[in-house]
Amino acid sequence: MFKPYFFLLITFFYCFSAQAQQPKKPTSSEIYQAIEKLNFLGSVLYVAAHPDDENTRLISHMANEVKARTAYLSLTRGDGGQNLIGPELKELLGVIRTQELLVARSIDGGVQLFTRADDFGYSKHPDETLAIWNENEVLSDVVWAIRKFQPDIIINRFDHRSPGTTHGHHTSSAMLSLKAFDYAADHSKFPNQLKSVAVWQAKREFFNTSWWFYGSQEKFDAADKTNQYAVEVGDFYPALGLSNPEIAALSRSAHKSQGFGNTGTRGSDFEYLELIKGDAPKDKNNIFEGIDTSWNRIKGGQPIGQILKTVQDNYNFKNPSASIPKLIEAYRLVQNLENSHWKTLKSEDLKNVIAACAGLFLEAAAASNLATPKSTVTLKLEAINRSGQNMALTSIILSDGTRIQKNTDLKFNESHRFESQINIPSTASYSTPYWLETKGTLGMYKVDDQSLIGLPETPKEMTATFNVSIEGETLSYVKTIIYKTNDPVKGEVYKPFEIVPIVSAHIAEPVIIFADDQQKDIQVIVKANRNALEGYVQLDHPQGWQVYPEKQNIAIISKGEEQMLTFTVIPPKNQSEGILTPKVHVGKDVFSKKLVEIKYDHIPFQMVLLPNDSKVVRLDIKKKGENIGYIEGAGDAVPESLRQIGYNVAIIKPEDINAETLNRFDAVVVGIRAYNTVDALKFKQKQLFDFVEQGGNLIVQYNTNGGLIVDQLAPYPLELSRDRVTDENSEVRLLNTNNKLLNYPNKITQKDFEGWVQERGLYFPNKWSKEFTPLLSMHDKNESPKEGSLLVAKYGKGHYIYTGLSFFREFPEGVAGAYRLFANMLSVGKETIKTDVQLKD
């Protein structure tokens, strides 16, 4: 489906910028750094499990000081974490974190790679991790990354010898990396890969250790460091005006969905590497010792190195274009190399440096950011040479096969702008993350195309190739077609050029809860991605449910316009659940996908094509109280979920927390990690406790035990721990079964804990005062019971409830028992009738 040269381009040049951002226009100093890198033929692969696991100080040092090609292989895309900037979770969070990693690499100079492993959530042991992941497939992906990237040195973030002491994903990443070190060089391992890549033996492998792995700085200082290598990473780069730790901090701060804003430091500092495989460098200060990183390492490379050394020694910072003739000379020699790996890499590097030296700007911009198969799109093409170097634009070849013959001299600073059209073929693939195209398993994404495995993004099919003649040599520059516009506030804004279906549809709510057997009107939103769209919509529904009308016609005049249709959905009398799927019929074609847009300023605009299914749940649920106040934390969909079951939910801003405001509510809910992320709450605890004392219910959802902004989390002593239950199917025992919270208004049983997703909960308290009553007990395999997941205490006339249960994950999945239990938490103390059991606090 994708041409090999384009695959290689996408694979190796994310270090320049993330797709669809403004094109990088390097300074003279940055060009010089790129020339320095031309003369270094060595590679480093850093391996860990998640976005944020990478050591940006070490990656930046290797890329910018050592000048090595440096990649970060993240086994997952971070899909299982929390989102501090918005509501996206699971696969959409994985898309965000993929883009954040690309931004991070564009800052620290690295390349980003992945495997097909899905971050299914916290895992306590690598045995569990590798059972949920397909161990052999993830191992094959690590081997594929090594064979493709050909690192001389592999560095693991985590220790392969510590199973059960940290996140199972972490240890698994090191264990798989260690095994892949040998497998990548073995012809008998994953032989199908050898159709595209060769076997590769890395020279040595290290564990990036630190005091943290020893438990304290004192223990680390006292440890035997015979097999360790100290790497100075406090470098200062005068050409950039930044220290290496400052660059690393900027890179780290790209992980905004995790709240990892970081402040850079200055001065000498070290990273420590423990040799775990391969031969030991004799020079303690050079981990590349014994590895030839000059052009002499490849046959025919010596004269290329000599030319590029001359370019480097004679570089003119005021006139970079003076280097172009020698760079072209080196490019010609590179084309004769037998080593295809370095030939491909250095050819592209040289072309990029030549273009930078010339200030050569080449761009193909579409008139719209969206197009559909079998359509025609107008392109604005631009070429300008901002140097005194003689060159000519000979032709432009579009990906639809159109050839635009130009033979135009690109004279100094003379802009050439013209229009053309590109035809989008009927076979064009839709723009969406390739790993989401086919449903995978709990632990693995399904990707059948081997050439795609490991790529951070789906390669763009729509391109324009500019053929430029310089010094008698034709250089081909492949440019992805983009869309750009002028925003009155932001100025020039770039977006990807996307191929989308002619129509998409979705139900506004991904989960629709029916708290009783009354019908609801469900709105289906249909969006046209072409002009003059006509057809009809049907709503597939589960057995036992009824939908009226059976179908509705659509007629949309303009591209981008939406039409809203209302269907009446009648649930069954008894508890039930299923899927509603809008299907749009246009002629003989049926469309059943929705387009999800992800818009954040710190990453490029993303468009994701997903199944447009919505879950419908008929609950057997009762509730007391009507008005709920919600204090937002780190981002969750709990307010919307509570509205679904009939509560009036109002968002309370921290500055509005006072007696008058709180007295309007029957209960107040504090969002996840609010006491970690909302600084203003440190001044509002007294008002919240007073609210409870006067008869209100306060429900506090999970916080991490590190970085709490309050000294007193509850009106009574309560201490958080790192206790968590990661097995979503673990047995739940009901403690204090007569407690009103487990009986009113819904009788809670073990059945209410069926169908939970990802985990039971996290960061449970492990110490609490006698005023608290624990209600549930649960534990992972081979662990002691954890009784801190749900605690309730009477305080004055009201109730304080602390819960580490992961309601923020269960509600979006329509888990019936989670809704019933939360309704009881909101209703506690609101009894107006007697129950069959004697209720106790």
*Unmet requirement for Thr129, which otherwise passes all of (1) within 30 Å of Arg760 (Cα to Cα); (2) without any contact (Cβ under 8 Å) to a residue 12 or more places away in the chain*: (2)
*Within the bounds of region 280-303, is there any residue that is more than 30 Å from Ala223 (Cβ to Cβ), crowded, with 19+ Cβ neighbours inside 10 Å and not β-branched (Val, Ile, Thr)?*
yes
*What are the pairs, 6+ residues apart or on separate chains, where a residue within region 186-212 that is assigned by TED's automatic domain parsing to the domain that holds Ala230 and in a loop (DSSP other than H, G, I, E, B) has its Cβ under 8 Å from a residue that is of a type in the set (S, T, N, Q) and surrounded by 14 or more Cβ atoms within 10 Å (Cβ to Cβ)?*
Phe190/Ser140; Ser196/Gln450; Ser196/Ser451; Trp200/Gln150
*Which of the residues spanning region 323-344 are touching a residue at least 24 places away in the same chain (Cβ under 8 Å) and either part of a loop (DSSP other than H, G, I, E, B) or closer than 19 Å to Lys25 by Cβ (or both)?*
Ser323, Ile324, Leu327, Asn336, Leu337, Glu338, Asn339
*Sort out for me the strands (runs of 3 or more DSSP E) sitting completely within region 737-822 that have 2 or more residues that are touching a helix residue (DSSP H, G or I) at 6+ places or on another chain (Cβ under 9 Å) and crowded, with 20+ Cβ neighbours inside 10 Å.*
776-778, 790-795, 798-803
*In region 204-224, how many residues are at pLDDT 95 or above and either surrounded by fewer than 18 Cβ atoms within 10 Å (Cβ to Cβ) or under 30 Å from Asp449 (Cβ atoms) (or both)?*
1
*If you take the residues in region 571-588 that are more than 28 Å from the chain's Cα centre (by Cα) and without any contact (Cβ under 8 Å) to a residue 40 or more places away in the chain, which one is surrounded by the most Cβ atoms within 10 Å (Cβ to Cβ)?*
Gly578
*Could you list, in sequence order, all residues of region 650-677 that are surrounded by fewer than 19 Cβ atoms within 10 Å (Cβ to Cβ) and either touching a Leu at 6+ places or on another chain (Cβ under 6 Å) or within 25 Å of Pro765 (Cα to Cα) (or both)?*
Pro654
*From the list Thr70, Thr129, Thr115, Thr76, pick out the single residue that is touching a Ser or Thr at 6+ places or on another chain (Cβ under 9 Å) and over 30 Å from Lys781 (Cα atoms).*
Thr70
*asked:* Only one of Asp279, Asp283, Asp269 is under 23 Å from Ala239 (Cα atoms) and not hydrophobic (A, V, I, L, M, F, W, C). Can you tell me which?
replied: Asp269
*asked:* Contact list please: Cβ distance under 9 Å, first residue in region 62-90 and modelled with pLDDT under 95 and surrounded by fewer than 24 Cβ atoms within 10 Å (Cβ to Cβ), second residue in a strand (DSSP E or B) and not basic (Lys, Arg), pairs at least six apart or on different chains.
replied: Gly86/Ile598; Glu88/Val596; Glu88/Ile598
*Would you be able to tell me the number of residues in region 627-637 that are over 22 Å from the mean Cα position of the chain (by Cα) and either under 21 Å from Ala680 (Cα atoms) or among the basic types (Lys, Arg) (or both)?*
5
*Is there a residue in region 703-718 that is part of a strand (DSSP E or B), under 33 Å from the mean Cα position of the chain (by Cα) and at pLDDT 95 or above?*
no
_Cβ-Cβ under 6 Å, sequence separation 6+ or interchain: first residue in region 372-386 and more than 19 Å from Lys484 (Cα to Cα), partner hydrophobic (A, V, I, L, M, F, W, C) and buried (at least 16 other Cβ atoms within 10 Å of the Cβ). Which pairs?_
Pro373/Ile424; Pro373/Ala428; Ser375/Ile424; Asn385/Ala358; Asn385/Leu360; Asn385/Met391; Asn385/Leu410
_Wholly within region 506-559, strands (runs of 3 or more DSSP E) carrying at least 2 residues that are surrounded by fewer than 19 Cβ atoms within 10 Å (Cβ to Cβ) and in contact with a strand residue (DSSP E or B) (Cβ under 8 Å, 6 or more places away or on another chain)_ = 520-528, 533-540, 546-548, 551-556
*Within region 762-819, which residues are more than 24 Å from Pro745 (Cβ to Cβ) and hydroxyl-bearing (Ser, Thr, Tyr)?*
Tyr763, Ser769, Ser784
_Criterion first (charged (D, E, K, R), surrounded by fewer than 24 Cβ atoms within 10 Å (Cβ to Cβ), more than 21 Å from Ser172 (Cβ to Cβ) and within 22 Å of the chain's Cα centre (by Cα)) does Glu137 satisfy it?_
no
_Scope region 259-284; condition in contact (Cβ under 8 Å) with a residue 12 or more places away in the chain, farther than 17 Å from Tyr46 by Cβ and not hydrophobic (A, V, I, L, M, F, W, C); matching residues_ = Gly259, Asn262, Thr263, Gly264, Thr265, Arg266, Gly267, Ser268, Asp269, Asp279, Pro281, Lys284
*Could you please let me know if Thr568 is of a type in the set (Ser, Thr, Tyr), within 34 Å of the chain's Cα centre (by Cα) and part of a strand (DSSP E or B)?*
no
*asked:* Please count how many residues of region 90-142 are within 26 Å of Thr70 (Cβ to Cβ), small (Gly, Ala, Ser) and in a helix (DSSP H, G or I).
replied: 4
*Selection within region 476-505 - outside any strand (DSSP E or B) and not aromatic (Phe, Trp, Tyr)*: Ile481, Pro488, Val489, Lys490, Val500, Pro501, Ile502
*Pick from region 232-241 the residues that are assigned to a strand (DSSP E or B) and either in contact with a helix residue (DSSP H, G or I) (Cβ under 6 Å, 6 or more places away or on another chain) or modelled with pLDDT of 95 or more (or both): which of them is nearest to Phe207 (Cα to Cα)?*
Glu232
*Do you know which residues across region 413-433 are closer than 21 Å to Ile502 by Cβ and aromatic (Phe, Trp, Tyr)?*
Tyr430
_Only one of Phe753, Phe764 is touching a residue at least 40 places away in the same chain (Cβ under 8 Å), closer than 16 Å to Ile699 by Cβ and among the aromatic types (Phe, Trp, Tyr). Can you tell me which?_
Phe764
*Working carefully through the options Phe807, Phe772, find the one that is within 24 Å of Gly696 (Cβ to Cβ), hydrophobic (A, V, I, L, M, F, W, C) and touching a Ser or Thr at 6+ places or on another chain (Cβ under 9 Å).*
Phe807
*With respect to the numbered conditions (1) in the same structural domain as Lys594 (by TED's automatic domain parsing); (2) among the aromatic types (Phe, Trp, Tyr); (3) within 29 Å of the chain's Cα centre (by Cα), which one is the sole condition not fulfilled by Tyr494?*
(1)
*If you go through region 590-628 one residue at a time, how many are touching a Pro at 6+ places or on another chain (Cβ under 9 Å), assigned to a strand (DSSP E or B) and of a type in the set (D, E, K, R)?*
4
_Residue selected from region 242-279 under the condition assigned to a helix (DSSP H, G or I) and of a type in the set (D, E, K, R), by the criterion surrounded by the most Cβ atoms within 10 Å (Cβ to Cβ)_ = Arg252
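The values are calculated or read from the model by the stated rules, or taken from the named source; none is laboratory data. Since we're looking at a predicted model, the values are computed, not measured. Quick reminder, even Gly has a Cβ in these numbers, built from the backbone with ideal geometry, and neighbours come from all protein chains shown.
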